[in-house]
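What follows is a short report on a single structure.
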Amino acid sequence: MNAIYRVWNGEQMYYGDDVNLNLFIRRKEWTLYKESAGLCPDIVATNLDGISVLIHGTDQFQTHGALKRIYAGDIVKQEETAPGGLFGPEPFIGEVKMIDGSWCIVNEKKEECRPLFSETATNKVIGDVYQNPELLEGAECQK
């Protein structure tokens with residue numbers, strides 16, 4: 001089984017499907033290496049630096065535009081497509097989080113949580129909490 005992940009090192013996002021990257025996990029420590037021309041690979045990120053974050057991927061893809069996997073920490077805009085849908089016609093914007101074993105979209109200001117998977121709604125990734133936190137702050141204030 002291949003793990004689906006990405007890593008934010010405080011400056012750049014690295015994706016686990018890059019053939020030049022290797023993730024090494026031992027107990028509670030992890031390090032992301034990039035292959036180099038020398039004998040030793042370059043360290044790209046590690047949880048020991050206090051900045052880098054290992055981010056898990058979901059089993060879902062956005063339903064607008066190009067095929068793009070959705071990850072924890074993504075900011076997603078969900079819109080109902082069925083008339084009289086479960087949540088109403090207003091778009092819902094929130095952060096993707098794992099809650100009790102299910103991927104959800106969470107808007108903490110509205111104190112609302114919706115399932116990421118929906119047969120009657122579309123999802124679009126509009127940013128993430130690492131590179132675009134202002135998107136979430138603005139979305140949370142909307143009623």
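Quick note: the coordinates plus some simple rules give every number you see, no bench work behind them. Predicted model only: the values in this text are computed from it and were never measured. As a convention, Cβ positions derive from the backbone with ideal geometry for all residues, glycine included, and neighbour counts pool all protein chains shown.
For the chain, take every pair of Cα atoms, bin their distances at 5 Å starting from 0, and report each bin as a whole percent.
Over the chain, the share of Cα pairs per 5 Å bin runs 2, 9, 17, 19, 18, 13, 9, 6, 4, 2, 1, 0, 0 percent.
Listing THR46, THR81 from the residue with the fewest other Cβ atoms within 10 Å to the one with the most, what is the order?
Numbers: THR46 18, THR81 12.
Going from sparsest to densest Cβ surroundings: THR81, THR46.
For an R0 of 35 angstrom, estimate the FRET efficiency from the Cβ-Cβ distance between LEU39 and ILE4 and round to the nearest 0.05.
The computed FRET efficiency comes out at 0.70.
What is the chain's relative contact order, in percent, from Cα pairs under 8 angstrom and six or more apart in sequence?
18
Take each of the peptides 120-131, 32-43, 89-100, average the number of other beta-carbon atoms within 10 Å over its residues, and list them starting from the highest.
120-131, 89-100, 32-43
Would you please put 52-65, 13-26 in order of how densely packed they are, using the mean number of other Cβ atoms within 10 angstrom per residue and starting with the highest?
52-65, 13-26
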